[in-house]
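The values are calculated or read from the model by the stated rules, or taken from the named source; none is laboratory data. Every value quoted in this text rests on a predicted model; they were computed, and no experiment measured them. All Cβ positions, glycine included, derive from the backbone under ideal geometry; neighbour counts span all protein chains shown. To get the accessible areas, we keep the full protein, side chains included, count just its heavy atoms, and leave off ligands, DNA and RNA. Shrake-Rupley method; radii C 1.70, N 1.55, O 1.52, S 1.80 Å.
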Amino acid sequence: DVPFGVSNPFLGVISDFSRFLAGKEVMRSKPSRIARLVCDAREYLARDEMSREEAATFCGKMEWTATSAGANRLGRAALSALRMHAKARTRAVREERWPQAREALRFMEAVLPCLPPRTIDVSRAAKRPPLVLYTDAMYTGKRTRGGQERAAIGVVIYDPEKVGFK
């Protein structure tokens, strides 16, 4: 539903191919996504608490931001503290872990607005033979004895630079 362009957002990440011919692709989080994450962090800090569900949701959003636009390097220790908070089964354990989670939120609040775009070198991709991807799928619409619908997918990736199949 988005018109063709060299730069388009998808799932909160803007992929910019305007420098593709120069061998570069640039990914960055949408400013509105960053603003929402900062706003959420500030809300939890103002309330001075964060439920397990809120922590799990926030971690998921942060992990997507870190892996897509942040080269998987954004706040690994801070995310670990938030994950531990999200896994706390009792209120007492959450309260015990809250100081670390609070510091992690402060870190995210400070770092997110400064997150640089991720530049990916795609120049090698133009110099190598393409990967060949074979796919096949089936769906019968019939149920097995266990009540499952019969469906399957198969994928084979052939890399001409490597010997054999993966």
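Can you tell me which residue in the range 1-13 is most open to solvent (accessible area, probe 1.4 Å), limited to those that are among the hydrophobic types (A, V, I, L, M, F, W, C) and touching a residue at least 40 places away in the same chain (Cβ under 8 Å)? Step by step, filter the range 1-13, then rank; the result is LEU11.
Considering GLU149, GLU161, GLU109, the condition of being in contact (Cβ under 8 Å) with a residue 12 or more places away in the chain, of a type in the set (Asp, Glu) and surrounded by 10 or more Cβ atoms within 10 Å (Cβ to Cβ) is satisfied by GLU109 alone. If you filter the range 85-105 down to residues that are touching a residue at least 40 places away in the same chain (Cβ under 8 Å) and among the hydrophobic types (A, V, I, L, M, F, W, C), you find that the one that is most open to solvent (accessible area, probe 1.4 Å) is TRP98.
Each row is one residue, and each column tells you yes or no for (1) farther than 19 Å from ALA110 by Cα; (2) of a type in the set (A, V, I, L, M, F, W, C); (3) open to solvent by 20 Å² or more (accessible area, probe 1.4 Å).
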{"site": "LEU21", "(1), (2), (3)": "yes, yes, yes"}
{"site": "LYS30", "(1), (2), (3)": "no, no, yes"}
{"site": "LEU37", "(1), (2), (3)": "no, yes, no"}
{"site": "ASP40", "(1), (2), (3)": "no, no, no"}
{"site": "GLU54", "(1), (2), (3)": "yes, no, yes"}
{"site": "THR65", "(1), (2), (3)": "no, no, no"}
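For ARG83, the test of being more than 20 Å from the chain's Cα centre (by Cα) and of a type outside the set (A, V, I, L, M, F, W, C) is failed.
Among the acidic types (Asp, Glu), modelled with pLDDT under 90 and farther than 19 Å from PRO116 by Cα: is that true of ASP1 in this structure? Show your work before the answer.
Values: among the acidic types (Asp, Glu): yes; modelled with pLDDT under 90: yes; farther than 19 Å from PRO116 by Cα: yes.
Yes: the conditions hold for ASP1.
When ASP16 is tested against (1) surrounded by 14 or more Cβ atoms within 10 Å (Cβ to Cβ); (2) among the charged types (D, E, K, R); (3) over 22 Å from the mean Cα position of the chain (by Cα), exactly one condition is not met: (3).
If I filter the range 18-28 for residues that are at pLDDT below 90, of a type in the set (Phe, Trp, Tyr) and either in contact with a strand residue (DSSP E or B) (Cβ under 8 Å, 6 or more places away or on another chain) or within 20 Å of LEU79 (Cβ to Cβ) (or both), do I get at least one hit? Scanning the range 18-28, I find no residue that is at pLDDT below 90, of a type in the set (Phe, Trp, Tyr) and either in contact with a strand residue (DSSP E or B) (Cβ under 8 Å, 6 or more places away or on another chain) or within 20 Å of LEU79 (Cβ to Cβ) (or both), so the answer is no. Is one or more of the residues making up the range 20-36 out of contact with any Leu (no Cβ under 9 Å at 6 or more places or on another chain), over 30 Å from PHE4 (Cα atoms) and without any contact (Cβ under 8 Å) to a residue 12 or more places away in the chain? No, there is no match, as no residue in the range 20-36 is out of contact with any Leu (no Cβ under 9 Å at 6 or more places or on another chain), over 30 Å from PHE4 (Cα atoms) and without any contact (Cβ under 8 Å) to a residue 12 or more places away in the chain.
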